[in-house]
Structures are given as structure tokens and as C-alpha cells.
Amino acid sequence: VVSYSCRAGGFFLMRYVRLTPRIEAWLNAIPIAIVGAVLGPIAANGGPPEWAGLATAAATMHLTRSDFATILAAVAAVALVRQVL
């Protein structure tokens, strides 16, 4: 309930914000900032399965530009390497 309230509150408040190019650029940068915050510690503290997943994710995103395909490929790579090791 609390998580939903925070999200709904953000959507509600954004109704009153005028979207300038600067604010739009800031909103577009949020997803990659979150991804970086999540993947940074994984890259620093992970092992071969996680590194294989990160490499697969980078290659898949470069080739397909599809978030969904990238997630599927990265998860499959991590699972495969974990199965082998």
C-alpha cells in the first residue's frame, strides 16, 4: 500500500509540473540511473555468472534495443553459467 501510494502520489503531482525539455530529459534519465544503481554492485561483487549476464545484457541491448529481450537473455545467461559451474 505504501509503495503504491508513493507511485500514485508521484503521478498525481506530475499533473501540475510543466514539462520543459530539461524536465523531460531528467525523466528519461531515471530508468538508466536505476539500472546503474542495481547493476553496479552486482558487477563489483558478482562472479562469473553475473558477469556473463551483464555481458549478455549489453550485447543483447546493443543488437536488439529491446528491454524485454535483454532481460530474458541476461537471466538465461546467468542461469546457464550457474548450471555449468
Review point. Where the centre of each part is set by its Cα atoms, how far does the stretch 44-84 sit from the stretch 1-41, in angstrom?
Key: 25
**Study point:** Per-q log10 I(q)/I(0), the chain, q = 0.16, 0.19 Å⁻¹ (Debye; single scatterer per alpha-carbon; no solvent)
**Key:** -0.80, -0.93
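Hey, if we sort THR20, THR64, THR70 by accessible area with the 1.4 Å probe, largest down, what's the order? Kindly include the intermediate steps, with their values, before the conclusion.
Values: THR20 35, THR64 70, THR70 15 Å².
The residues order as THR64, THR20, THR70, largest area first.
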Review point. If you line up the long axis of helix 21-45 against the longest principal axis of the chain, both from Cα atoms, how many degrees apart are they, to the nearest 10?
Key: 30
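Just from its helices, what would the mean residue ellipticity at 222 nm be for the chain, if runs of 4 or more DSSP H residues each count -39500 (n - 2.57) and the sum is divided by every residue, rounded to the nearest 500 deg cm²/dmol? Write out the running numbers ahead of the final one.
On the way: 4 runs with 73 residues, N = 85.
Value at 222 nm, helices only: -29000 deg cm²/dmol.
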Exercise for review: Give me the angle, in degrees from 0 to 90, between the Cα long axis of helix 67-84 and the longest principal axis of the Cα atoms of the chain, rounded to the nearest 10.
Suggested key: 30
Exercise for review: Working from Cα positions, state the angle (0 to 90°, nearest 10) between the long axis of helix 48-64 and the longest principal axis of the chain.
Suggested key: 60
Point to revise | GLU24, GLU50, reordered so the largest accessible area comes first (probe 1.4 Å) | key: GLU24, GLU50
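The values are calculated or read from the model by the stated rules, or taken from the named source; none is laboratory data. Since we're looking at a predicted model, the values are computed, not measured. The protein model used for the area step is the full one, side chains on, heavy atoms only, and it has no ligands, DNA or RNA in it. Shrake-Rupley method; radii C 1.70, N 1.55, O 1.52, S 1.80 Å.
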